[in-house]
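I have placed the structure first, in the form of structure tokens, so that the comments after it can refer back to it.
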Amino acid sequence: MSEGKLKELRSDIDELNALLKQAKRKKVQDILSLEVRKLETEWITIKEKEDVPASPMEVSPVPTTSAPTQSKRYQIKLNGYGWDQSDKFIQVFVTLKDVQTVPKEQVYCKLTERSMELHVDSLDNKDYLLVINNLLEPINVAECHWKQKTDRVVVFLAKKQQNVKWSHMTEIEKKFEDQRNNRFKADDMDKNKDPQESIMSLMKNMYETGDDEMKRMISKAWYEGQHKKKTDTIDF
């Protein structure tokens, strides 16, 4: 990745942090903080190349069992990963301590032309899952493969169209950045624009391009904000 990409990511992070300081609702702050963390993870990954930082993890409260004779295992959803690319492959880097000790048949991927799921089963009695949907470009499933290395897994997604450079990992990330850039250009033309209006515009775009969990968080924040406004207008 070029130095220009790092500068672009840092500018995005700085602008989101500026909006975060202006946000007043806790849910809005949480959503903006989540987006900042995602971009910071990507920035660190590019900066350190293969020295990928530890992936943020979210423990699901629902236990899963692979067989009646085994003890309960909990599924851990991985939210963080690093990626790079060559002319033929997109390389996805996932950090997992001691993953090299897991039998090869317990580390596998489920792939479609536009998605990937990395499964690591029974690592320290836990199952790990990384899901990436809506890939920016189609992949050639038959030519994809993955490797276990010390404390990490590298997934090689074969580009269906070789020599085509991916600007983003997913369609959603590209749409979000395009909309954000267009919005900030418009904001630069109107220096007197209300900061809260910019935040609400950002939230609307994030809702339109986000996954189900992002939409749920934004809907809840919007409902609570509207309910508070109505309550504040009541005259006892």
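The values are calculated or read from the model by the stated rules, or taken from the named source; none is laboratory data. Treat the numbers as computed from the prediction; the structure is a model and nothing was measured. So basically every Cβ, Gly included, is an ideal-geometry build from the backbone, and we count neighbours across all protein chains shown.
Whether any residue in region 125-140 is crowded, with 18+ Cβ neighbours inside 10 Å and hydroxyl-bearing (Ser, Thr, Tyr) is what I want to check.
Yes: one or more hits.
Which condition from (1) touching a Gly at 6+ places or on another chain (Cβ under 9 Å); (2) modelled with pLDDT under 80 is the one that Val94 breaks?
(2)
Going by the conditions given, is Thr41 surrounded by fewer than 13 Cβ atoms within 10 Å (Cβ to Cβ) and either modelled with pLDDT of 80 or more or out of contact with any helix residue (DSSP H, G or I) (no Cβ under 9 Å at 6 or more places or on another chain) (or both)?
no
Mind counting the residues in region 142-156 that are in contact with a helix residue (DSSP H, G or I) (Cβ under 9 Å, 6 or more places away or on another chain) and part of a strand (DSSP E or B)?
Residues in region 142-156 being in contact with a helix residue (DSSP H, G or I) (Cβ under 9 Å, 6 or more places away or on another chain) and part of a strand (DSSP E or B): 5 in total.
His119 passes all but one of (1) in contact (Cβ under 8 Å) with a residue 24 or more places away in the chain; (2) touching a Phe, Trp or Tyr at 6+ places or on another chain (Cβ under 6 Å); which number fails?
Failing condition for His119: (1).
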